[in-house]
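Encoded as C-alpha cells, the structure appears first; notes follow it.
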Amino acid sequence: MTHRIPAVVLAVLLILGISSVPGVQPVRAGTMDPSLWVAVSSNYPGDAPQYTLTFTLETGISSSSTLAFTFDSAVGRSDNGTSISSSLITIDGAPLGKNAVWQGNTLTLTVPQGLGAGTEHTVIISADAGIQNPWTTGHYRVSLATPTGTTALTSNYYSVTTVTQLVPLGFDKVVEYGALTGIKVTFKTGRNGALVGHDLIRGPSGVMVYPTTEDTITLRLSAGLSTLWTTGSSVKLLPSYAESPFAMTVLSNTVYETNDAGIDLRQLVLSLPHNLPANTQFALYVIFATPQPLSAVSDAEYVKLYSSKEPALVMVPPQPASSGSQPGDISATDTTAPVVTWTSTASRLLPRLVTLHITITEENLQQAYVATGEDGSLHTWLATGDNMLMMINRSGIHGTILAVDKAGNTTNIEIDIPGPTVN
C-alpha cells in the first residue's frame, strides 16, 4: 500500500516553517539557525580522511576562543599523538595560530579570528592530521562545544562503509598496420575488488577443485561500439603484473533496444580464467572481428563496466552530458543508475525529531520513494534534487530509498538511524 502526503499536511508544515515534502526548501531568515554539518573525503574504515565541518553559532566568539569538536569514541588518530600542527587545520580559509590539541576523541582548537553568530563558518582538517575513521562500518556524528555556554551542536550522520568501486583510468584505440583493430579500456580494481576466477583451489578434503562460485566482469558498449561487435569479436584482459593478456569467455551477449531507431546497446558478461587481486590495474582489450577504419570510433564512444564484487557502473572515459539531449529522452547512453545520498540531523531541542536529507541525481527519474514502516508499506515520494523529510525517531529509523530511472536502472539504499540516547 502506498501513502501520499496530503495537501493539508503540506500547508500546515509550511505554516510551521517545516519542510517535510520533497522539493520544498525552507526559507532562511537574515541569520541562520545553529547547526553543524560534517563531510569526509573517504568513507572507508580506518582511513584518515579530510574533514570539512561547516557550522553556524548561536552566539559569536572572539579571537583566541576555543572550539571543541568531539568525535565518536571509535574515532582515533593514526599516530596516537595529542598535538596537530596548526598548518593542517584552517578556519574560514585561515590557518590556526597555534597547534590544535587531540585528547581522547575531542579536538580542541583556538580560533585565529572572531566568529560571528548566524553565519556559516568552515573548518577543514587535512587528511595529514591523521584522524581515522572507525574500523567498524556504520553511521557516525560529531558534536561541537563552544565557551559561550550554549548547548553543544550535533552534526548530521556520515557513513563509514566498505563499499568500493572500479576506478576508470583510460580509453584508447588499438591500431595495427594503419587499421583500427579494437579498443583498450584501462581500469583499477578497488580495495574490496578482488575477484575469484577459474583457478584451482584446495577443497575441504585436500583435493584441488575449481571454485563453486566465480566472479564476472560486465562490459557495456556505447551505441557506436555495439555496431562494431560482430561474430568473431573477442575480449582479452592484461593485468599490470603480466606480460601477455589472457582470453575471456563471453558468458552472455545481450542487446538492449532503445527508443532511437537503429541504435542499440550491447552488454557482455565476461568470465575470469584467473583470480584478480584488489587495488590492481588492468587493461581490457575489445578486439573486433574485422579491422575498421580509424574514423569508426569517434571521441564520443565509451564503455561502462562493473564487477560482481564492485557492482557500481563506471564509465570509461567519463562523458559530459550532451547539450542536445532533452530531459525525458532515453538514449543508448542511459545505463547509469540514479545517484542517491542521504544524511540525517537531529533537532537540538527535540532529539527525537530527525531531519532526513536525501539527494537524488538523475535527469530521467521515473520514480523514487522512501519505504518505511514495519512492512515497508509506508512510501514517501521523492523528486530529483534535494529532499528533506521530518521524522520522529522513537527507537530508530529503518527503511529503504528506491530510485528508478526511465531506462529501468535502479538504486536501492538502506537507511539505518539508531534510536536517540535517552538521559
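For this structure, a couple of remarks:
- Segments 180-193, 224-237 sorted - mean Cβ within 10 Å per residue, highest first: 180-193, 224-237
- For the range 167-311, size of Cβ-based charge dipole, Lys and Arg +1, Asp and Glu -1, in debye: 320 debye
- Measuring between their Cα centroids, the range 277-309 and the range 174-205 lie 11 Å from each other.
- The protection proxy used here, the mean number of other Cβ atoms lying within 10 Å of each residue, ranks peptides 380-389, 342-351 as follows, highest first: 380-389, 342-351.
- Rg followed by Dmax, in Å, when the range 167-311 is reduced to its Cα trace: 16.4, 57
- Mean projected area in nm² (Cα convex hull; one quarter of hull surface) for the range 352-415: 4.2 nm²
- Pairwise Cα inverse-distance average, inverted: Kirkwood Rh of the range 139-209 (Å): 18.6 Å
- Convex hull (Cα only) mean projected area of the range 33-160, reported in nm² to one decimal: 6.7 nm²
Just so you know, all these numbers are worked out from the coordinates, no wet-lab data involved. Being a predicted model, the structure only gives us computed values, none of them experimental. Here Cβ is always computed from backbone atoms with ideal geometry, including for glycine, and neighbour counts include all displayed protein chains.
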